[in-house]
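The values are calculated or read from the model by the stated rules, or taken from the named source; none is laboratory data. Just so it is clear, the structure is predicted and the values come from calculations on it, not from any experiment. Here the Cβ is made from the backbone with ideal geometry for all residues, glycine too, and neighbour counts use every protein chain on show.
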Amino acid sequence: MAESPDTSLEPIGAVTRTKVGREATEPMREDIRLLGTILGDTVREQNGDEVFDLVEKARVESFRVRRSEIDRSELAELFDGIDIHQAIPVIRAFSHFALLANVAEDIHRERRRAVHVAAGEPPQNSTLAATYGKLDAADLQAGTVADALRGALVSPVITAHPTETRRRTVFDTQHRITQLMRLRLRGQDETEDGQSVETELRRQILTLWQTALIRLSRLKIQDEIEVGLRYYPAAFFEVIPKVNAEVREALRARWPGADLLPQPILRPGSWIGGDRDGNPNVTGEVVRLATGSAAYTALGHYFAELTYLEQELSMSVRLVTTTDELVALAETCNEPARLDEPYRRALRVVHARLTATAHDILDRTPAHILDLGLDPYQTPSELLADLDVIDASLRANGSAILADDRLARLREAVNVFGFHLSGLDMRQNSETHEEVIAELLSWAGVHPDYASLSEPERVEVLATELATRRPLVRDDSDLSELARKELDIVFAAARAVRVFGPAAVPNYIISMCQSVSDMLEAAILLKEAGLLDVSGEQPYAPVGIVPLFETIDDLQRGSSILESVLDLPLYRAMVHARGESQEVMLGYSDSNKDGGYLAANWALYRAELDLVESARKTGIRLRLFHGRGGTVGRGGGPSYDAILAQPPGAVNGSLRLTEQGEIIAAKYAEPRIAHRNLETLLAATLESTLLDTEGLGGLAQGAYEVLDDLAARAQRAYAELVHETPGFVEYFKASTPVSEIGSLNIGSRPTSRKPTTSIADLRAIPWVLAWSQSRVMLPGWYGTGTAFEEWIAQGEGRLEVLQDLYVKWPFFATVLSNMAQVLSKSDMGLAARYSELVDDEELRHRVFDKIVAEHDRTIRMHKLITKQDDLLADNPALARSVFNRFPYLEPLNHLQVELLRRFRSGDEEELVQRGILLTMSGLASALRNSG
């Protein structure tokens, strides 16, 4: 499957490759040719010449389509009536090539980065080195920096939205191939044990070919918990402590008297096992498993590191001196063989006390334990204090170089991971809260029909109840299954806080939060479990209540809801107990599905502006939590640009954002890549907090008014198609594989929140995934072209206004850049093939003709505003990807259409269904966004 020869100047949609570009990318093309050749050889050896010839013909014809040498229908005819036993290996071949192309592109990015460094070029934007240079140039005062970074937090949150379509085995094999390609990058032909790199590549690609790409059964939530925790030994344990230390030292060197970042700024979070919004599989037992498994992973890491340290710190009192504190710590261990090795004895005391802690708090015993009958540590700070004693002794006696190695990393790890590893957020939908609280209030005799009350009446009832210490129900209360389940979950969370510390469950998130009562209902549940007490002089609130504003209407009302709840003395007492800090979560997915791309992005920006103003008025410290998915339709796009595009005051030293699905693997699967992506989040957070990144100055209000108008127009255009066009839902279901997505086994939750066919109830992941598969990519652009065209036509000079905003305003530039990424991956020719799955010809034209017209209009408007004919002029990496890989996607799309047609016509052969799922997996991996 070597790549077809190309001419020196070739068009692909709006992407053009020049001779200069080809020279820069030739090493990547060589890698692609090598991997493609090995894959082709493997296909021939394993499946015979007939399959190989069909794959090769499809590949060649796909490139001919790109060069406009043949019509797309001629390639489609190649698969008409194809035998399913031939179709499966063809699908697998192109899917595997997509995985291998990912490897080649990742390696090329590393190659180009090394070239920049070797050339002595200035640090690139999104690196901490570049950020430090900008901070130095800004000449900031220490007090300003200290106040801005008070309580600073950057938290990537691994979520329970597993849109990763690759199986773990496939992922591991791909990782090994990446490691081998890195050897080639360094000019090595052999591995460390003397094996030929090419032979090893052939071995791994053969393993890949003989491994099933998709699961036969749906993931269980227990599997998701395990998968989420694997990123810690894979990368986080090495990288997060290191990055925290680097940032703290760099900032303190610049402002030495400010005691900056006393707590680690980078602290990961998780939703896996705590997010029960629409996922009936989350129970109290699952919460215990999630929090317990996280603690097990943290302590397991500490035990392994302590074992290594005992081997390394072998110093004898005959050769070194020690502090009195170290001697006192070591005295508890009286093992004769180590009497002259105080550091080893001290470490064994630490090891033994941590073992006692593990016996007390874990449900299973980790490896490397040491039982000396000592007392357990009650808190991570006690463990850290003993490690500090060892560190201080080393430094006091000329061994700082030893202290700065493994011991320093362990101390940093304990400081950030504690006994809990990562904070597990709870999340539930406000409708469920209302139902459960109504039942509890009725059972307790507080009110027989809470649901019938007006909003002010609800608030009064709930506030009165929060002011008391009595519980509403007892353990033996006769409750519904739903109410008992919800109580079991919050009681499991309370146990985690008690056993692992308050950081184990930091937040309770309310999905679809639309009122003050929605927030107070969650507070009642926390109070029932002992996680909230605001009735006395010393409020207790270890878990923060976080409203999640998701629809455009809710985003617009979010600040008024926040101000109203802060007017309640009881709620204000809870915020005071949490250091005057209030977190608010903003939902990208549902706002996009609700109102379209531009309207959703602007609603989020406006909501942030309003929330920042509310925080200023009420005197709280606001932290925003961004519910971003991997795709642009769900808030995706380059993280650095997205963070810099936030409005003034919105970051304020803190940033939480969700990471999910294939994006987690792409960002955090190994230390080098994880370091780069975490560095990006920190760099953007520091710049957004300490510098003026909006850049509008006095032009801000006028720019906001322009976007108000544009967003309203875009939302009307989007609604006219999605919500008002007769038959749109039927068109969507017929022209995309949305109905088949539920069989892909990529997660533990259903594809819809409720058993309906409503777009509103459909989860955002299948909504975006379905449009991606059919190459329409509708959630990432529809409505925007109409808005721009209408607004520009309203008066002279309006185009110039938008062109000026594109140059000056990071938010507007990012919106257009992300939209261009989506448009570059869309393909109306392939989308037309999918539209043919709609039997009703009149409906097909009614919807698809609108989509095509808006697609053309949006590209035209993008070119006018940016003054760029190339959609990807600002994203050469994606331009390379689109050019090199997209002809290999063509067969997958055509085969998916063919198999969908057969399946829906009644062909229920198991291989047909599996073929559909394989095409979905292959396209998701190739497009690098599945939801």
- Query: Quick check, is residue 439 surrounded by 18 or more Cβ atoms within 10 Å (Cβ to Cβ) and part of a helix (DSSP H, G or I)?
  - Reply: yes
- Take the residues in the range 276-300 that are among the charged types (D, E, K, R) and at pLDDT 95 or above, then tell me which one is surrounded by the fewest Cβ atoms within 10 Å (Cβ to Cβ). 285
- Residue set 495, 406, 484; condition under 22 Å from residue 520 (Cβ atoms) and either out of contact with any Asp or Glu (no Cβ under 6 Å at 6 or more places or on another chain) or of a type in the set (D, E, K, R) (or both); output residue 484
- Here the residues within the range 794-842 that are closer than 28 Å to residue 603 by Cβ, part of a loop (DSSP other than H, G, I, E, B) and either touching a residue at least 60 places away in the same chain (Cβ under 8 Å) or within 32 Å of the chain's Cα centre (by Cα) (or both) are 809, 826
- Note on the structure: In the range 703-750, anything modelled with pLDDT of 95 or more, of a type in the set (Gly, Ala, Ser) and more than 24 Å from residue 848 (Cα to Cα) is listed as 703
- Within the group 406, 458, 470, which residue is modelled with pLDDT of 95 or more and over 30 Å from residue 315 (Cβ atoms)? 458
- Can you pull out the helices (runs of 4 or more DSSP H) entirely within the range 324-419 that have at least 2 residues that are in contact with a His (Cβ under 8 Å, 6 or more places away or on another chain), surrounded by 14 or more Cβ atoms within 10 Å (Cβ to Cβ) and of a type in the set (A, V, I, L, M, F, W, C)? 408-417
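Residues checked against (1) at pLDDT below 95; (2) of a type in the set (Phe, Trp, Tyr); (3) under 28 Å from residue 61 (Cβ atoms); (4) not in a helix (DSSP H, G or I):
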{"site": "844", "(1), (2), (3), (4)": "no, no, yes, no"}
{"site": "854", "(1), (2), (3), (4)": "no, no, no, no"}
{"site": "873", "(1), (2), (3), (4)": "yes, no, no, yes"}
{"site": "899", "(1), (2), (3), (4)": "no, no, yes, no"}
{"site": "906", "(1), (2), (3), (4)": "yes, no, no, yes"}
{"site": "918", "(1), (2), (3), (4)": "yes, no, yes, no"}
{"site": "926", "(1), (2), (3), (4)": "yes, no, yes, no"}
- If residue 310 passes every condition in (1) more than 43 Å from the chain's Cα centre (by Cα); (2) among the charged types (D, E, K, R); (3) in a helix (DSSP H, G or I) but one, which one does it miss? (1)
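To keep it simple, each residue is scored yes or no on (1) over 17 Å from residue 872 (Cα atoms); (2) modelled with pLDDT of 95 or more; (3) of a type in the set (S, T, N, Q).
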{"residue": "776", "(1), (2), (3)": "yes, yes, no"}
{"residue": "780", "(1), (2), (3)": "no, no, no"}
{"residue": "784", "(1), (2), (3)": "yes, yes, yes"}
{"residue": "791", "(1), (2), (3)": "yes, yes, no"}
{"residue": "796", "(1), (2), (3)": "yes, no, no"}
{"residue": "811", "(1), (2), (3)": "yes, no, no"}
- Query: Which numbered condition trips up residue 431, out of (1) outside the structural domain of residue 490 (by TED's automatic domain parsing); (2) assigned to a helix (DSSP H, G or I)?
  - Reply: (1)
- Query: Hey, among the residues in the range 133-145 that are within 11 Å of residue 690 (Cβ to Cβ) and not charged (D, E, K, R), which one's surrounded by the fewest Cβ atoms within 10 Å (Cβ to Cβ)?
  - Reply: 141
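So that you can scan it fast, the table gives a plain yes or no per residue for (1) surrounded by fewer than 19 Cβ atoms within 10 Å (Cβ to Cβ); (2) over 30 Å from residue 845 (Cβ atoms):
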| position | (1), (2) |
| --- | --- |
| 667 | no, yes |
| 700 | yes, yes |
| 710 | no, no |
| 713 | no, no |
- Counting only residues in the range 38-95 that are small (Gly, Ala, Ser) and either surrounded by fewer than 16 Cβ atoms within 10 Å (Cβ to Cβ) or free of Cβ contacts under 8 Å to residues at least 12 places away in the same chain (or both), the one nearest to residue 833 (Cα to Cα) is identified as 73
- Can you confirm whether the range 434-442 contains a residue that is out of contact with any strand residue (DSSP E or B) (no Cβ under 7 Å at 6 or more places or on another chain), among the hydroxyl-bearing types (Ser, Thr, Tyr) and more than 30 Å from residue 567 (Cβ to Cβ)? no
- Based on what the data block shows, is residue 858 of a type in the set (Val, Ile, Thr), crowded, with 23+ Cβ neighbours inside 10 Å and under 20 Å from residue 779 (Cβ atoms)? yes
- Task: Kindly list, by first and then second residue, each pair from a residue in the range 328-354 that is outside the structural domain of residue 376 (by TED's automatic domain parsing) and without any contact (Cβ under 8 Å) to a residue 40 or more places away in the chain to a residue that is assigned to a helix (DSSP H, G or I) and of a type in the set (Gly, Ala, Ser), limited to pairs with Cβ atoms under 8 Å and residues at least 6 apart or on different chains.
- Result: none
- Query: Would it be correct to say that residue 600 is of a type outside the set (Lys, Arg), under 22 Å from residue 720 (Cβ atoms) and either in a helix (DSSP H, G or I) or free of Cβ contacts under 8 Å to residues at least 12 places away in the same chain (or both)?
  - Reply: yes
- Across (1) more than 29 Å from the chain's Cα centre (by Cα); (2) over 26 Å from residue 77 (Cβ atoms), residue 849 clears everything bar (2)
- Task: Test residue 455 against the criterion of being of a type in the set (D, E, K, R), touching a helix residue (DSSP H, G or I) at 6+ places or on another chain (Cβ under 9 Å) and more than 27 Å from residue 288 (Cα to Cα), and give yes or no.
- Result: yes
- Item | Unmet criterion (only one of (1) at pLDDT 85 or above; (2) more than 16 Å from residue 98 (Cβ to Cβ)) for residue 31 | (2)
- Message: Residues that are in a loop (DSSP other than H, G, I, E, B), under 27 Å from the mean Cα position of the chain (by Cα) and at pLDDT below 95: does the range 502-514 have at least one?
- Response: yes
- Item | Number of the exception - residue 38 against (1) over 30 Å from residue 863 (Cβ atoms); (2) modelled with pLDDT under 90 | (2)
- Message: Give me the residue from the range 751-766 that is buried (at least 19 other Cβ atoms within 10 Å of the Cβ) and β-branched (Val, Ile, Thr) and, out of that set, modelled with the lowest pLDDT.
- Response: 751
